[in-house]
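Some notes on the structure that comes next.
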Amino acid sequence: MARSAKDPKALLPEIIQDFREVFGNDLISLILYGSAAGPEYDPARSDINLMAVLRPEAMGRLDEAFSLVRKWRRKGCAVPLFLTERYIAGSLDVFPIEYLNFRSRYAMVYGKDVLRGLELKPSLLRLQCEREIKGKMLLLREGFVETEGKRGTLAALIADSTGALTAIFRALAALKGLEMPGSRRALFTEVSRVFDLDGGVFERLLDVRDRKIKGAQADMPALFKRYLAEMEKLSDAVDAMGG
């Protein structure tokens, strides 16, 4: 991954110009989302994520954006999400967690704010949370066995898993009607409290992710087994929310 800009928002005027040159009036909106739109952006680790909302007729000429995407990938931008308003409206029931996370951290770059006012059904949000948690548990167990208990590999597995876990925790906070915490650590602490989880385990996981604890400095197999146990508890709690 290319090293990202220190201030993603400084790139936005040129990004707008480039997208307008390619798509013209077919560009409905450009949205910056994810860490680059919030206080946890880290140029050494974070992508710059963009959502481009186009008119349907422009979807047939995405090949015209090849050079544009190549240019901005060299500057730390991920490949943009190309969506239409119809796609957004028709996929709220399939991807409620994703849209919740878009809405929780975004900044308008250009055009219409297509994320404002989106209605996400709590029942569908809970269902996707349950599905994501149970799927993640399978992957974590598989990954644990594959590591053969090697500390460095386990540390990498923990670091990789916390991104998806953050999205799930934001959805759980929304389901419980909690005010969305500003930082990842505050989010993990609050969700752990509400769901009666061992917050210390998730604090340690974030310490590993943030390299405050290295693989050689901790009993990684023991921490990972505690991680799996807390995920099992969370799975049961979210399952019970379904009635």
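Go through A171, A167, A222, A186 for me and flag whichever is within 18 Å of L100 (Cβ to Cβ) and either of a type in the set (S, T, N, Q) or free of Cβ contacts under 8 Å to residues at least 12 places away in the same chain (or both).
A186
Do we find that I97 is touching a Cys at 6+ places or on another chain (Cβ under 9 Å) and over 22 Å from A10 (Cβ atoms) in this structure?
In short, yes.
Kindly provide the set of residues from region 175-200 that are under 15 Å from the mean Cα position of the chain (by Cα) and buried (at least 19 other Cβ atoms within 10 Å of the Cβ), ordered by number.
R184, L187, F188
Consider only pairs whose beta carbons are under 6 Å apart and that are at least six residues apart or on different chains; among these, list those whose first residue lies in region 189-204 and is basic (K, R) and whose second residue is assigned to a helix (DSSP H, G or I) and open to solvent by less than 40 Å² (accessible area, probe 1.4 Å).
Here the result reads R204/L223, each pair linking region 189-204 to a residue that is assigned to a helix (DSSP H, G or I) and open to solvent by less than 40 Å² (accessible area, probe 1.4 Å).
From the list V114, V109, pick out the single residue that is aliphatic (A, V, I, L, M), in contact with a Lys or Arg (Cβ under 9 Å, 6 or more places away or on another chain) and within 28 Å of D18 (Cα to Cα).
Step by step, each of V114, V109 is checked, and only V109 is aliphatic (A, V, I, L, M), in contact with a Lys or Arg (Cβ under 9 Å, 6 or more places away or on another chain) and within 28 Å of D18 (Cα to Cα).
Quick test for you: out of E85, E21, E14, E57, pick the one residue that is more than 21 Å from A164 (Cβ to Cβ), of a type outside the set (K, R), touching a helix residue (DSSP H, G or I) at 6+ places or on another chain (Cβ under 7 Å) and open to solvent by 50 Å² or more (accessible area, probe 1.4 Å).
E57
Conditions (1) within 19 Å of R131 (Cα to Cα); (2) assigned to a helix (DSSP H, G or I), marked per residue:
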residue	(1), (2)
E179	no, no
L187	no, yes
R193	no, yes
D196	no, no
K212	no, no
K225	no, yes
A229	yes, yes
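Residues to consider are L124, L120; find the one that is surrounded by 15 or more Cβ atoms within 10 Å (Cβ to Cβ), part of a loop (DSSP other than H, G, I, E, B), in contact (Cβ under 8 Å) with a residue 24 or more places away in the chain and not basic (K, R).
One residue alone meets the criteria, L120.
When region 127-143 is examined, which residues are found to be open to solvent by less than 70 Å² (accessible area, probe 1.4 Å) and touching a Gly at 6+ places or on another chain (Cβ under 8 Å)?
E130
For region 63-80, indicate whether the set of residues that are surrounded by fewer than 18 Cβ atoms within 10 Å (Cβ to Cβ), of a type in the set (V, I, T), under 30 Å from L178 (Cα atoms) and without any contact (Cβ under 8 Å) to a residue 40 or more places away in the chain is non-empty.
no
Regarding region 21-36, can at least one residue be identified that is in contact (Cβ under 8 Å) with a residue 60 or more places away in the chain, within 28 Å of E119 (Cα to Cα) and in a helix (DSSP H, G or I)?
yes
For the structure I just gave you, tell me whether E146 is part of a helix (DSSP H, G or I), at negative phi and crowded, with 19+ Cβ neighbours inside 10 Å.
Judged against the criteria, E146 is not a match.
Can you report the number of residues in region 59-96 which are of a type in the set (V, I, T) and closer than 18 Å to A37 by Cα?
1
Going by the conditions given, is Y41 open to solvent by 60 Å² or more (accessible area, probe 1.4 Å) and aromatic (F, W, Y)?
No.
Can you report the number of residues in region 95-117 which are surrounded by fewer than 19 Cβ atoms within 10 Å (Cβ to Cβ) and of a type in the set (V, I, T)?
0
The values are calculated or read from the model by the stated rules, or taken from the named source; none is laboratory data. Keep in mind the model is a prediction, meaning the values are calculated, not measured. All Cβ positions, even for glycine, are placed from backbone atoms using ideal geometry, and neighbour counts span all protein chains on display. Just so you know, the surface numbers come from the protein's heavy atoms only, side chains and all, with ligands and any DNA or RNA stripped out. Shrake-Rupley method; radii C 1.70, N 1.55, O 1.52, S 1.80 Å.
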